[in-house]
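> Sharing a structure with you now.
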Amino acid sequence: MSEEKSTPAAKPVKTEWQHASWVSQLGKWAWIWGIINGLIDVIWGLYSVFVLALIPYGYGVYGMGTGIWLIISGIIAVFISFVIIKPKVSNKCVQKDWDHFYNWVWKLGSFRFPFVLFWGIVLEVFGYGWGGVPVIIIAIMLIFLGPKEYKWSE
């Protein structure tokens with residue numbers, strides 16, 4: 001009689017990331033959030049410069065400076081959404097190309113900072129509050145709950 005040796009079970013390989021479907025959907029529309037947020041900022045900025053700044057003892061000069069900043073930041077948010085977020089984040093999320101995000105890093109010595117998080121923060125600053133939220137959520141999900149462990153250093 002032959003004895004069969006039992007081998008320890010191999011670790012299961014992650015073939016599909018459990019959060020992939022909703023992160024992919026969020027990423028698909030992330031660039032639209034940035035554009036809508038930027039357009040709202042531009043419209044509100046134009047309104048504050050041309051309407052509210054004319055109200056005496058009201059909004060005044062302070063409002064004009066805020067309005068100008070809203071116009072500038074809105075244009076920057078729309079630009080970032082079209083040029084960076086759509087091709088580098090949204091398209092990659094639709095394709096579920098998660099490796100792209102793990103390799104898209106800013107190297108500071110041996111430290112690796114994820115560009116998706118960087119651009120989410122930049123869009124959040126120029127989007128005045130909510131334009132970068134989807135990108136930041138995607139970055140946090142990939143860094144802490146992603147299909148692979150994120151390596152912060154080389």
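The values are calculated or read from the model by the stated rules, or taken from the named source; none is laboratory data. Small disclaimer: the values here were computed from a predicted structure and weren't measured. FYI the Cβ positions are ideal-geometry reconstructions off the backbone, even for glycines, and counts take in every protein chain you see. The area values use the complete protein model at the heavy-atom level, side chains included, leaving out ligands, DNA and RNA. Shrake-Rupley method; radii C 1.70, N 1.55, O 1.52, S 1.80 Å.
> Could you say which residue among Val49, Val23, Val61, Val78 is in a helix (DSSP H, G or I) and modelled with pLDDT of 95 or more?
Selected residue: Val78, the only one of Val49, Val23, Val61, Val78 that is in a helix (DSSP H, G or I) and modelled with pLDDT of 95 or more.
> Say we look at the stretch 105-130 and pick out the residues that are part of a helix (DSSP H, G or I), open to solvent by less than 30 Å² (accessible area, probe 1.4 Å) and β-branched (Val, Ile, Thr); which of these is nearest to Ile143 (Cα to Cα)?
Val116
> Still on this structure: Restricting attention to the stretch 89-104, which residues are touching a helix residue (DSSP H, G or I) at 6+ places or on another chain (Cβ under 6 Å) and open to solvent by 20 Å² or more (accessible area, probe 1.4 Å)?
Within the stretch 89-104, Lys92, Val94, Lys96, His100, Trp104 meet the criteria.
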